[in-house]
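Novice: Encoded as structure tokens, here's the structure I'll be asking about.
The values are calculated or read from the model by the stated rules, or taken from the named source; none is laboratory data. Being a predicted model, the structure only gives us computed values, none of them experimental. Glycine gets a Cβ as well: all are built from the backbone with ideal geometry, and neighbour counts include every protein chain shown. Side chains included, ligands, DNA and RNA excluded: accessible areas come from the protein's heavy atoms. Shrake-Rupley method; radii C 1.70, N 1.55, O 1.52, S 1.80 Å.
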Amino acid sequence: MSLKSRFAPQFNPRIRDRGFAYFRGGAVKILEHSDFHVLAQVEGTLDYFVKLTLTLNSLDVACTCPYFDDGKDCKHIWATILAADSKNYLSEVDLCGPLKLVYDDEA
């Protein structure tokens, strides 16, 4: 099951639409990746950095944008999830059971 399928219900539809536009427009640049980790730069008003980390129980996410700092849904994270799925990064997600989405404020 893709990251998109697992986590779409946890993102506001408007945020998913805006994140999809970023993804479709090529705004996501994957800087590092593995089966468990993605670091991306997302070009928007400013360049923001997004980190996705797959653990046994969660997908830990972080973004440098102000929305994330305020604890809100983030289009940059959704765009990065779509980009990671499109390249089959974080492929170990298929081996995981149920996952929580965790906002990693410390990252």
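Novice: Between the helical axis of 75-86 and the dominant principal axis of the chain, each derived from Cα atoms, what acute angle in degrees is found, rounded to the nearest 10?
Specialist: Orientation of helix 75-86: about 50 degrees from the principal axis.
Novice: Accessible area, 1.4 Å probe, largest first: how do Y89, Y67 sort?
Specialist: Numbers: Y89 50, Y67 115 Å².
Reading off the accessible areas and sorting them downward yields Y67, Y89.
Novice: For the chain, find the longest principal axis of its Cα atoms and tell me its angle to the long axis of helix 13-24, 0 to 90°, nearest 10.
Specialist: 80
Novice: Would you count, across the chain, every pair of lysines whose alpha carbons are under 17 angstrom apart, provided the pair is eight or more residues apart or spans two chains?
Specialist: Count of close lysine pairs: 12.
Novice: Let me ask you something else. Rolling a 1.4 angstrom probe over the protein heavy atoms, how many square angstrom per residue are accessible across the stretch 23-107? Can you show the working numbers first?
Specialist: Working: 4670 Å² over 85 residues.
For the stretch 23-107, the per-residue accessible area is 55 Å².
Novice: Go ahead and run the numbers for FRET between D17 and D94, Cβ-Cβ distance against an R0 of 25 Å, rounding to 0.05. Could you put the intermediate results ahead of the total?
Specialist: Numbers: r = 26 Å, r/R0 = 1.05.
Step by step, r from the Cβ atoms, then E = 0.45.
Novice: Using a 1.4 angstrom probe on heavy atoms only, work out the carbon and sulfur share of the accessible area of the chain in %.
Specialist: Details: 3010 of 6060 Å².
Here carbon and sulfur together make up 50 percent of the probe-accessible area.
Novice: Solvent-accessible area of E43, probe 1.4 Å, all protein chains present, reported in Å² to the nearest ten, please.
Specialist: 120
Novice: Please sort by residue number the trypsin sites (Lys or Arg not before Pro) in the stretch 1-95 whose DSSP state is loop and whose Cβ has at most 13 other Cβ atoms within 10 Å. The partial results should precede the final answer.
Specialist: Working: sites: K4, R6, R14, R16, R18, R24, K29, K51, K72, K75, K87; in loops: K72, K87.
Qualifying residues, ordered by number: K72, K87.
Novice: Continuing with this model, one more query. Karplus couplings for the stretch 59-68 from phi (6.51 cos²θ - 1.76 cosθ + 1.60, θ = phi - 60°), rounded to Hz, Gly and Pro as x?
Specialist: 10, 8, 10, 8, 8, 8, 7, x, 4, 4
Novice: Report which label in (i) 14.1, 38; (ii) 15.8, 67; (iii) 12.3, 36 holds the value of Rg and Dmax of the Cα atoms in Å derived from the coordinates of this structure.
Specialist: (iii)
Novice: Want the number for S86 to F36: 0.36 nm per residue separation, take away the alpha-carbon distance, what's left? Before the final figure, lay out each step's value.
Specialist: Details: separation 50, 0.36 × 50 = 18.00 nm, distance 1.52 nm.
Stretched out fully, the S86 to F36 stretch lengthens by 16.5 nm.
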